[in-house]
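First the structure, in the form of structure tokens, and then the observations on it.
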Amino acid sequence: MAGFQSLPGFREFYPEDFSRRQHIFNGWRKSANAFGFQEYDAPVLEPLELYTTKSGDEIEGQLFSFTDKGDRQVSLRPEMTPTVCRMVGAKAGALKRPIKWFSIAEFYRYERAQKGRLRAFNQFNADIFGEAGPEAEIELIALLIQCLGGFGLTKDDFYVRLSDRNLWFYYLEALGFDEAQTRGILSAVDRYEKMGDDAFKGYVEAHGALADDKKAKVLAFLKIKSLPELEATLTPLGSEKITARLTDWRKVLGGVAAMGLADFIAVDLGVVRGLAYYTGFVFEAFDRKGDLRALAGGGRYNDLVKKLGYADLPAVGFAIGDVTTGLLLEQRGLTPAYVGGPDIYVVIGGEAERRAAFADIQVLRAEGLRVEYPFKDLAFGKQFKAASESGAKLALIYGGDELAKGVVKIRNLTDRSEREVPRAEVLAEAQSALGKP
Ligand code: HAM
């Protein structure tokens, strides 16, 4: 084996890969700006404690944690949510509400690497703090859809599954489960899609056998796929909090529908989310074909800011991953062609012409044109070959004869047409030939 290899689950971004990633980041940033979210950033290394009680067992087992040279227990961040809660919590009084923030950053989880799952990946995080009502969910679900739809993905490519941990809690309470049992059931529901019946093993070990009739009700509830079904199951229970909650549901679905996005959203009580801090609505985005792991996930987490020691601040948010997003864009042929070449390649006669060429190259570059030239003196033939291989649209030719006349030759590398222009007008001519102001 030659040299060194990067660690499993960590990616290197060669320029073509980098440009694909940049396309994704640019799209996310554009959508977030359109929705009025403000960008922030945060440390990549955090106190271990921030995650050990807040994120839940699954993430805890995946931490890249170690003791630093100052004997601190630290961890690379596996997610942004506890960090952004700390940041917002620390300045909550000074921030204008609602607080709408986003970030694009890299995260680290020691997962078994598989398709769509790596150990270092990027997420777009968007969160709203200070809004307790379902208006925040509407805003975020619309942003999530825009973040994926902005790339040209349609309702036939992806959808958002919406669920609600509150309704699960209320329903299980009505069935006679206590809080610990309810958490056990939700963790089984979270695994049910992947594991089937085995998902309930952990529950049975912790809480004893699950009666057949109760299990049947749990399974029926997790298969609910529409609001009318949900209403039909819950309304007969006659509970006030359930009735109020169903009103929130109608608000969320109605708001999203009013934005013309109803086709992107599916009621699906099978989603409960593995992370420990979610308290209300939860949602996940998937590709329609179901080939890929989740594109995005999020939900409400009204207690986390307070649990970290700050004010009581309602919050809701989501994160999209770049790995599954990239795979889906590739599958759908929505990855843009790599454009790495310059606008202009400058062909230089020799050492004497290089000075004049350098002066003009600097002017062109200062105006933002992408300009390249050969580092060493080369025969014209070799330079023209390099010019056409570079992907440049124009060649500027600085030959001795031309410079003596005070002109430069400008060659269109697509149609091969060529003409002389006064040196003083090189910038204006190049800009107009490239269609750039
Ligand atoms: P999450 O569901 O753990 O949520 O991650 C969100 C998305 O990040 C996933 O849907 C997936 O696309 C991507 N992702 C997660 N782990 C990996 C991995 N190992 N490799 C590649 N992609 C991955 C959260 O992280 C929450 N903190 C989201 C949130 C924000 N909730 C509220 N605000």
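Only the coordinates and a few stated rules stand behind these numbers; no lab work does. Everything quoted here is computed from the prediction, not taken from an experiment. Cβ: placed from backbone, ideal geometry, glycine included. Neighbour counts: every protein chain shown.
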Label-point separation in nm, L237 to E418, each point 7 Å along Cα→Cβ: 8.1
Cβ charges +1 (Lys, Arg) and -1 (Asp, Glu), total dipole of the chain, debye: 400
Mean-position separation - Cα centroids, the range 1-74 and the range 286-362, in angstrom: 14
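Rounded to the nearest angstrom and ordered from largest down, what semi-axes does the equivalent ellipsoid of the range 165-208 get from its C-alpha gyration tensor (root of 5λ)?
Semi-axis lengths for the range 165-208 are 18, 13, 7 Å.
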11 Å beta-carbon shell around G133, net charge (K/R +1, D/E -1): -3
Computed over the chain: relative contact order in percent, which uses C-alpha pairs under 8 Å that are six or more apart: 16
Rounded, prolate or oblate (a/c below 1.5 giving rounded, otherwise prolate when a/b exceeds b/c) for the range 15-331 by Cα gyration tensor: rounded
Residues of type lysines that K409 reaches as a straight line, Cα spacing below 18 Å, ignoring anything fewer than 8 places off in the same chain: K382, K385, K393
FRET efficiency estimate (nearest 0.05) - Cβ-Cβ, A266 to A337, R0 35 angstrom: 0.55
Links that overshoot a 21 Å alpha carbon limit, given the list K155/K289; K201/K225; K201/K289; K194/K225: K201/K225; K201/K289
Of all DSSP beta bridges in the range 344-434, antiparallel share, percent nearest 5: 55
Among G399, L427, L413 the positive-end extreme of the charge dipole of the range 344-434 (Cβ point charges): L413
Fraction of antiparallel bridges per DSSP, the chain only, in percent to nearest 5: 80
Pairwise centroid distance, computed over Cα atoms, of the range 191-248 with the range 384-437, Å: 70
Antiparallel bridge percentage (DSSP; both residues within the range 17-115; nearest 5): 75
Aspartates and glutamates with Cα under 18 Å of K217, excluding same-chain neighbours fewer than 8 positions away: D164, E173, D178, E179, D190, E193, D197, D198, E229, E231, D268
By average C-beta atoms within 10 angstrom, highest first, the peptides 6-12, 279-285: 279-285, 6-12
Inter-probe distance in nm under a simple model that places probes 7 Å from Cα toward Cβ, at K251 and Q38: 2.5
Reach of K100 by Cα under 24 Å, taken over lysines that are not fewer than 8 positions away in the same chain: K30, K54, K91, K251, K306, K307
